[in-house]
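The values are calculated or read from the model by the stated rules, or taken from the named source; none is laboratory data. Remember, it's a predicted structure, so these values are computed and weren't measured experimentally. When we count neighbours, we look across all protein chains shown, and the Cβ atoms used for this are built from the backbone with ideal geometry, even at glycine. In case anyone asks, the SASA skips ligands and DNA or RNA and just uses the protein heavy atoms, side chains included. Shrake-Rupley method; radii C 1.70, N 1.55, O 1.52, S 1.80 Å.
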Amino acid sequence: MNSAEPAIVLIGPMGSGKTSIGRRVAKATGLHFVDTDKVIVREHGPIPAIFAEHGETQFRTWEREAVAEAIAGGGVISLGGGAVIAPETRALLQGVPVVLLTVSPEAVAARIAGDARPLLQGEEDPVQRWTRIFAERRALYEEVADVHFDTSRVPMSRVAEQVVEWMRGRA
C-alpha cells in the first residue's frame with residue numbers, strides 16, 4: 001500500500017451502503033478500497049463467531065487496529081457501523097475526511113432483511129433494534145463527520161458520484 005495515497009473514510013449505520021458506495025468511490029478515484037469489517041473477517045473469522053467466542057469488546061479492539069492500519073495506508077475506507085463507539089477510533093478520524101452515510105428505517109428494512117449481523121439478533125424486531133442502535137450512535141457519527149449523504153431514496157451510484165464531487169471540491 002502507498003501511504004502517500006489520501007484517505008477518505010465512510011461511516012454510518014448498518015445498511016447505509018458504506019461498502020457498495022465505497023467500492024464505487026474507489027473505482028471512480030483510482031484509490032484502493034478497504035472494508036475494515038472484511039479485514040477483521042479475513043484475520044479473525046466471521047463476525048458473528050467473533051462476537052460469540054470472544055465478545056464485542058475483543059471485536060472492538062480488533063476493529064480499532066484495522067481502522068488504524070487502513071487510515072495509515074490511505075484509500076477509500078468503509079468502517080463497521082459501531083466503529084465510532086470507541087473514543088480511540090474517533091481520535092484516529094481527526095484530520096481525515098469523513099463521510100457520514102445515513103438511511104431511513106423504511107429504506108433499511110429491505111437491506112437488512114434476513115441479515116445475520118450479531119447486533120440485530122434477539123427478540124426485538126430487527127428494524128426497531130436498528131433504529132435504536134442508530135439513535136444511540138448518531139451523535140458520535142455527527143461528531144466526526146465532515147459531510148452527510150442520505151442513501152434512502154438515491155441510487156448508490158449517484159451517492160458515490162456525490163461523494164466524489166465533494167472530495168474534488170476539497171482538493
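What FRET efficiency, computed as 1/(1 + (r/R0)^6) with R0 = 35 Å and r the Cβ-Cβ distance, is obtained for residue 5 and residue 128, rounded to the nearest 0.05? Working shown, then result.
Values: r = 40 Å, r/R0 = 1.15.
Rounded to the nearest 0.05, the efficiency is 0.30.
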>> Principal axis extents for the chain, Cα atoms only, whole Å, descending order, please.
In response: 47, 34, 26
> residue 38 versus residue 168, label points 7 Å from Cα toward the beta carbon: distance in nm?
Replying inline: 2.5 nm
> Once both labels are modelled 7 Å past Cα along the beta-carbon direction, what's the residue 28-residue 161 spacing in nm?
Replying inline: 0.8 nm
>> In the chain, if the dipole is taken from +1 on Lys/Arg beta carbons and -1 on Asp/Glu beta carbons about the Cα centre, which of 32, 68, 103 is farthest to the positive end?
In response: 32
>> To the nearest 20 Debye, how big is the dipole of the stretch 1-112 about its Cα centre, given +1 on the beta carbon of each Lys and Arg and -1 on that of each Asp and Glu?
In response: 380 debye
> Quick one: with all protein chains in place, what share of the accessible area of the chain is carbon or sulfur, to the nearest percent (1.4 Å probe)?
Replying inline: 52 percent
>> If I stretch the segment between residue 69 and residue 150 completely, what's the gain in nm (0.36 nm per residue apart, minus their alpha carbon distance), one decimal?
In response: 26.4 nm
> Quick one: accessible area per residue over the chain, 1.4 Å probe, rounded to a whole number of Å²?
Replying inline: 49 Å²
> How do 83-96, 46-59 rank on mean C-beta neighbours within 10 Å, highest first?
Replying inline: 83-96, 46-59
> Mind ordering 68-81, 157-170 by average Cβ neighbours within 10 Å, highest first?
Replying inline: 68-81, 157-170
